[in-house]
Amino acid sequence: MPDAAKIEDEVPLSRVDRVYRFIREAIINGEFEPGSPLRLQELADANDMSLIPVREALRRLEAERLVQTIPNKGARVAAISADDVIDAYKTRIVLEVDALRRAFDRIDDEAIARIRAMKDEMVRAFKNNDSARALECHRAIHFSLYEQADSPWLLYLIEILWSHTERYRRIATGLHPTYDAVGDEHAKVIEALAARDIDAAAEALRLDLEHTAELIVSAYREEASVRA
């Protein structure tokens, strides 16, 4: 059970929001493994609250497909499969390419310089085995672009799918792309934007996401064969 005291924010959260974030973070980080039961009383005790906000938080997570409720068995962390990974990434490609195209006219030279610097920091962090910082930079690169699309609904849907695919990344412990490959794939997007070639940028983004999905599926299947 993760430490509930670590789930904090500058803005005070409601009880439902607090336990929701607690469970969600534990699922995405892999602390609550796919298929593992989510026991109401344990979650309530860990967050020092009654069962009511826990139930509401689980309903919200079920709507995001991170939690499954099984009749007569209760709630558990949603299972994953290779097909689910592929489906999620195909959907991400549709949404994120659209977001990039919508954002294109708002991405100026200053924004490109910031993104290029984040890419360099991401590669350095990977090389220094600072995976937390590397993943933070990776997220910042993508969302600094998508936020310029000025579409709250599009950003919301991308956020949900991003959380799912981050969960897949962490579960597939055999996922080890080379540092140079990670940097090069993002550099292609950035340099296409700098050249004001949105078609090339969109294609580079699509290939980046497709390649990541292939790596995750390959690692997931390899681990599944070892466990079998």
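None of the figures in this text is laboratory data; all of them are computed from the coordinates on show. Just so it is clear, the structure is predicted and the values come from calculations on it, not from any experiment. Using ideal geometry, Cβ is built from the backbone for each residue, glycine included, and neighbour counts are taken over all protein chains shown.
Determine the distance separating the Cα centre of the range 149-169 from the Cα centre of the range 77-108; give it in Å without decimals.
That distance is 7 Å.
Counting each DSSP H run of 4 or more residues in the chain as -39500 (n - 2.57), what helix-only mean residue ellipticity at 222 nm follows after dividing by all residues, to the nearest 500 deg cm²/dmol?
-23000 deg cm²/dmol
Which net charge results for the neighbourhood of Ser163, defined as the other residues with beta-carbon distances under 12 angstrom from its beta-carbon, given Lys and Arg at +1 and Asp and Glu at -1?
Around Ser163, the surrounding residues sum to +4.
Which is the longest part of the chain that has none of the GluC sites (Glu not before Pro) sitting in a DSSP loop with at most 15 other Cβ atoms within 10 Å?
It works out to 32-228.
Provide Asp108, Asp98 in ascending order of the number of other Cβ atoms located within 10 Å of each residue's Cβ, fewest first.
Ascending number of Cβ neighbours within 10 Å: Asp108, Asp98.
Under a plain spin-label model, where a point goes 7 Å from the Cα along Cα-to-Cβ, how far apart in nm are Glu25 and Asp105?
3.9 nm
With θ set to phi - 60°, apply the Karplus curve 6.51 cos²θ - 1.76 cosθ + 1.60 along the range 138-152 and write out the HN-Hα couplings as whole Hz, x wherever there is a Gly or Pro.
4, 5, 4, 4, 5, 6, 5, 7, 5, 4, 6, 6, 6, 9, x
Given 0.36 nm per residue, what is the gain on full extension from Glu62 to Leu40 after removing their alpha carbon distance, in nm?
Gain in length upon complete extension: 6.5 nm.
Which one, (1) -0.41; (2) -0.52; (3) -0.46, gives log10 I(q)/I(0) by the Debye sum over Cα atoms at q = 0.10 Å⁻¹ as derived from the coordinates shown?
(2)
Could you calculate the contour length gain from Ala181 to Lys73, that is, 0.36 nm times the residue separation minus the distance between their Cα atoms, to one decimal place in nm?
Taking Ala181 through Lys73 to full extension adds about 34.5 nm, to one decimal.
Length gain on complete extension for the stretch Ala195 to Asp87, per 0.36 nm per residue less the alpha carbon to alpha carbon distance?
35.7 nm
For a quick check of your reading of the filter: which trypsin sites (Lys or Arg not before Pro) in the range 46-92 sit in a DSSP loop and have no more than 16 other Cβ atoms within 10 Å?
When the trypsin sites (Lys or Arg not before Pro) of the range 46-92 are filtered for loop state and at most 16 Cβ neighbours within 10 Å, Arg65, Lys73 remain.
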